[in-house]
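This report refers to the structure that appears directly beneath it.
FYI, it's all coordinate maths here, none of it is from the lab. Since this is a predicted model, take the numbers as computed values, not measurements. Positions of Cβ are backbone-derived with ideal geometry, glycine not excepted, and every protein chain shown enters the neighbour counts.
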């Protein structure tokens, strides 16, 4: 009888825990519905909670406490496709400690389900002499093609998500421009000197998945929509085949600014041209 009573108590504790978890899930789901979509900024259009940094980027045991924002299904779908591409391609250049595990347990199954992408990557495999320290030392490395514009679009969506999550600001395309690029050494030096070294109203840092995705953001006091970001996924080493094929780039830099703001055009040119 004692054993039966203990088993019954255990059973009902599981049932109650399940009910509480379901109630919490429903409450969280409602919290993200009917809001302004963070990405397209359409009022009352959100239908789901979107992970700003996708769980697909991170090892299964390192996905806790990821930023979430309200999103409409259309934007969520667009971002999901960009995430699938980035999560499949960028790990090949990863410098992160989990790179080998990510390639074998996460990337390989994705490529098995996406044979056209697997064929494109294999066909584009090349070997080059590359430098990681701006020409001081050189070594041979294999490189694979990647769509930089597609990855940049994803990063700009992530910037919108992080800006909302940290500062609760919205950045509608009609009112704000978002510009970004992977910089070579000259661009990184300029950015560090001009942007990251100044005093700002707000500064945030993030480290997700034990270094799989790291970022830094700053927000200017004169306008909360004027922000600047640096971020890296897996510490991936990327090659700029057009401008500097032997240099490997790691950090993506992005900026947001109100359209019409003095210097906004100059900022856009700077972000696109260095």
Query raised in the report: Between residue 210 and residue 44, how many nm apart are label points set 7 Å from Cα along the C-beta direction?
Result: 4.6
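If you count, for each residue, the other Cβ atoms within 10 Å and average over each peptide, how do 79-90, 41-52 line up from highest to lowest?
Those peptides, ordered most packed to least, come out 79-90, 41-52.
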Report summary line: Among region 70-91, those whose backbone N falls under 20 Å of a label point 7 Å along Cα→Cβ from residue 101 are 87-91
Report summary line: Mean 1/r over distinct Cα pairs of region 26-108, inverted to a Kirkwood Rh in Å, yields 13.9
Report task. Determine which residues of region 30-45 fall in the zone a paramagnetic label at residue 170 would reach in this model, i.e. backbone nitrogen under 11 Å from the point 7 Å along Cα→Cβ. Result -> 35-45
